[in-house]
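Since every read-out is calculated from the coordinates, none of them should be taken as a lab result. Values in this document were obtained by computation on a predicted structure and should not be read as measured data. A quick note on method: Cβ atoms are made from the backbone with ideal geometry, for glycine too, and the neighbour counts reach across all protein chains shown.
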Amino acid sequence: MQFYRNVIIPVLLIFGTSLSAQDTPQSIVERFFKVYEDQNISSAIDFYFPDNRWTQSIGEDLEKLKANCENYFSEGYSGQYFGYEMIRTDELGKHYRKITCLVRFERQPFRFVFVLYKPNDRWKGQNFFFSDKVEETGG
């Protein structure tokens, strides 16, 4: 019984941690909104597009996106944030997902579209955009 507690449980914890580290597109979007709720929209965008050699080449565009989002999703412009819901998921094969969310603000709803790509073993943010035309579920 001592062997079970000292060896098996730590091994399960190690493998369990590595398995849970495998993000799904839905969990990435959920964490995006968690970062937004706990911090701000710029931090959520930084989470979605982590700093790497690809994002460095579009750094100016990312800064513009963050500035636009800070403006649109400020309490002064859109009012209080009330939450989100995933309203559509499009799958193109096993390695490409587009998730559309309805994001609720006091003044009006917005549509957030997350495009995720899995080139090998990990999902990553490929594209993100938003619109106040929520009835258009395409992207």
Can you sort Ile41, Ile28, Ile87 so the residue with the fewest Cβ neighbours within 10 Å comes first? Ile87, Ile28, Ile41
Relative contact order (percent, whole number), region 99-138, Cα cutoff 8 Å, 6+ residue spacing: 36
Find how much the distance from Ile58 to Leu92 grows on full extension, using 0.36 nm per residue of separation minus their present alpha carbon separation; answer in nm with one decimal. 9.7 nm
Over 21 Å between Cα atoms, which of Lys64/Lys94; Lys34/Lys98; Lys66/Lys118; Lys98/Lys118; Lys94/Lys124; Lys34/Lys124 qualify? Lys64/Lys94; Lys66/Lys118
Compute the relative contact order of region 20-131 as a whole-number percentage, counting only Cα pairs closer than 8 Å that sit 6 or more residues apart in sequence. 20
Residues with beta-carbon under 10 Å from that of Tyr48, excluding Tyr48: net charge, scoring Lys, Arg +1 and Asp, Glu -1? +1
Surrounding net charge for Arg111, when Lys and Arg each add one and Asp and Glu each subtract one, Cβ distance under 15 Å: 0
In whole Hz, the Karplus estimates of ³J(HN,Hα) for region 43-50 (6.51, -1.76, 1.60; θ = phi - 60°; x where Gly or Pro) are 5, 5, 5, 4, 4, 5, 10, x
Here region 100-111 yields Karplus 3J(HN,Hα) values (6.51, -1.76, 1.60; θ = phi - 60°; whole Hz; Gly and Pro given as x) of 9, 10, 8, 10, 9, 10, 4, 6, 6, x, 10, 10
Rounded, prolate or oblate (a/c below 1.5 giving rounded, otherwise prolate when a/b exceeds b/c) for region 33-112 by Cα gyration tensor: oblate
